[in-house]
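Scroll down for the structure; my scribbles are underneath it.
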Amino acid sequence: MLMLIETQNKRSAVVADQTLEEQLPSSLLTSTARTTMTVPLREGDRYRQASVDGLNRLSIVLSGGEDPGP
């Protein structure tokens, strides 16, 4: 899995290997990048918080929990 943060435009992306696709569908990765991670980026350049929020959301899903959403 790779998380990218583009600082100039405050955008993010999350991509994963095909082996994780069953657990982390592309819709979840896109939602994590566009909603979960974008809010802290746009509300004060909080790059660390954006990363932590995204990782926490995906960690919950990988651990078998229900997606907590944005």
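Scanning segment 14-31 for residues that are over 20 Å from Asp53 (Cα atoms) and in a helix (DSSP H, G or I) yields a total of 2.
Residues in segment 7-27 that are closer than 14 Å to Pro40 by Cβ and not basic (Lys, Arg) were compared, and the one that is surrounded by the fewest Cβ atoms within 10 Å (Cβ to Cβ) is Thr7.
Among the residues of segment 28-57, those that are of a type in the set (D, E, K, R) and open to solvent by 60 Å² or more (accessible area, probe 1.4 Å) comprise Arg34, Arg42, Glu43, Asp45, Arg46, Arg48.
Selection of first residues in segment 14-33 that are more than 13 Å from Leu2 (Cα to Cα) and of second residues that are at pLDDT 90 or above, restricted to Cβ pairs under 7 Å at least 6 apart or on distinct chains, gives the following pairs, ordered by first then second residue: Gln23/Val61; Gln23/Leu62; Leu28/Val61; Leu28/Asp67.
Any chance segment 58-67 includes a residue that's surrounded by 13 or more Cβ atoms within 10 Å (Cβ to Cβ) and free of Cβ contacts under 8 Å to residues at least 24 places away in the same chain? The answer is yes; a qualifying residue exists. With respect to the conditions (1) more than 11 Å from the chain's Cα centre (by Cα); (2) in contact (Cβ under 8 Å) with a residue 40 or more places away in the chain, Met3 lacks only one, and its number is (1).
The values are calculated or read from the model by the stated rules, or taken from the named source; none is laboratory data. Everything quoted here is computed from the prediction, not taken from an experiment. Don't worry about glycine lacking a Cβ; one is built from the backbone with ideal geometry, like all the others, and counts go over all protein chains shown. Note: accessible area is taken over every heavy atom of the protein model, side chains too, but ligands, DNA and RNA are not part of it. Shrake-Rupley method; radii C 1.70, N 1.55, O 1.52, S 1.80 Å.
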